[in-house]
Each structure stands twice: as structure tokens, then as C-alpha cells.
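Here's the structure we're looking at; comments come further down.
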Amino acid sequence: MKPKVSVAVATFNEEKNLPGCLDSVRGLADEIVVVDGSSTDKTVEVAKKYGAKVVVTDNPPIFHINKQKAIDECRGDWILQLDADERVTPELAEEIKSVIRNPQSEINGFWIPRKNYFLGRFLKKGGQYPDYTLRLYLRGKGRLPCKSVHEQAVVEGKVGYLKNDLVHIADPNFSRYLLRFDRYTSLLADEMEAQRMPLNLFTFLNYWFWQPLKWFLSTYFRHKGFMDGFPGFVFSGFSSLRFIVGYIKYWERKNVRRQI
């Protein structure tokens, strides 16, 4: 019997991105599960047009909570967890069909290479490609810890690697990047607060100088981000700044009294 594939997607105000995502899994997905964080646009209507099973819930700061809810709702033999701004290429879809039909395999999950769109091009260097992400796993064998926005799934047993790319269009323009930058730096401040990180000379030097410098040198020079031209420089520079901005937000929470 042919193994069934469930596609799990968590959404919040993704009416523009979701059609492209769901179109890309036509012929692959036997079931689509969408957990929506109470969108204020037409995301839910779009999902239902594609025949998705839709669950509406709240919108937690760590979005992986809703991703896990979508995973839990799936009933297929294999689960492919996607974000609304991701696209499954035809080559990847065929590769997925091939590997899950292999009855000899003892592999419970697969890492998928992902290419990221930024400032008009797909980044090839700077540690951004292949941006492997663990997204395909047997039902009941993979789950998200739901502790950090950057975490990967945890899969019980052996995992393998696929060859074909998952396309990620998180930043169709720089304004969208800045919106995500603001969200991620707030989550970084949340982590500092949860750890009760002290505000002193050591943490100041670490987050204002050492961490940004280390990240920039690593992505731009060691991982050859300079080969991606100006977009590579912007990516290395702004992703380095997240340490400084996160620190400022944390400092503000601890020291600035609200006057309103």
C-alpha cells in the first residue's frame, strides 16, 4: 500500500503566501492540516479552498507551538511540516515519494536542503546554503521541542538526507525582512529574560562586540558570504546586529519605566 503523506502548516495572516505553498504539494499531499493563529485576513478561507483540515487557535510568540499542534492533527504515515512561505519543488516532491516507498529503509526522518531568497536572489554562501532543515518524518517519530524559534525537530531513530531543495521565500522584500528581524530580536530578549541574564560589563561587551563580530566574520569571510554580492553583505551585517538589538530590548525592559 502506498504510504500517505500529511502536510502540516501553521499560519498567521498568510493569505498571500499560502496558495503558493499548497499548490506546490499538489500530487504529493494526501492530507493538508493547517493550524491558524486567529488570522485577521483570509488565510482560513484560502486553506479551506484547498481542502485542508483547519484548526483555529491562539497565536503564541513561539510559533513552533502551533506547528506541533498541526503535526499532532496529522493522520498520514509521513508528515511534511512546511511554513507558508516555503515551496516544494517538483524534484523534491518526486524524491519524497521515492524515499517513503522504500520498504527496506529504517530511516524515520529526513533533512531537506533549503535555499533562502533575500534581496532578489537565493543566497548560496554565508552558511545559508544548503540550509538543512528536518521536516519530513514518520508520524509519531518526530516532534518540535517548542522552546526556541530556531530549533529543529527531534526525530526518534535514524535520519537521512534528501538532495533536492525546499524553496524559502521568507523575505520577498527588505521591509518583510525588517518585520521578522523585529520579531526575532524580541524573542532573543525573551530568552535573555528567561535566563535572568545580568546586565553588566561582560554581557555588554559580549552582545555589543564579541557576538556580532564573531557572526559577521564567520558568515561573511569564513563561509564566503561576500560571494553573494551586496545581498550577502547586508545579510551578514543585519544578522550580526540582532545581538545588539536584542540586548537593547532586554535592557529597556529592565530599566525603562512605562509612562503611559
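Applying the selection to region 70-86, what residues are farther than 17 Å from LYS158 by Cβ and buried (at least 18 other Cβ atoms within 10 Å of the Cβ)? Reasoning before the result, please.
Taking region 70-86 as the starting set, the residues that turn out to be farther than 17 Å from LYS158 by Cβ are 70-76, 80-86.
Within region 70-86, ALA70, ILE71, CYS74, GLY76, LEU80, GLN81, LEU82, ASP83, ALA84, ASP85, GLU86 qualify.
Check GLU95, GLU73, GLU106, GLU91 and return the single one that is of a type in the set (Asp, Glu) and either at positive phi or modelled with pLDDT under 95 (or both). Let's see the steps before the verdict.
Values: GLU95 fails: either at positive phi or modelled with pLDDT under 95 (or both); GLU73 fails: either at positive phi or modelled with pLDDT under 95 (or both); GLU91 fails: either at positive phi or modelled with pLDDT under 95 (or both).
It is GLU106.
The values are calculated or read from the model by the stated rules, or taken from the named source; none is laboratory data. Note that the coordinates shown come from a computational prediction; the quantities given were computed from them, not determined experimentally. No Cβ is skipped: glycine too gets one built from the backbone with ideal geometry, and neighbour counts run over all protein chains shown.
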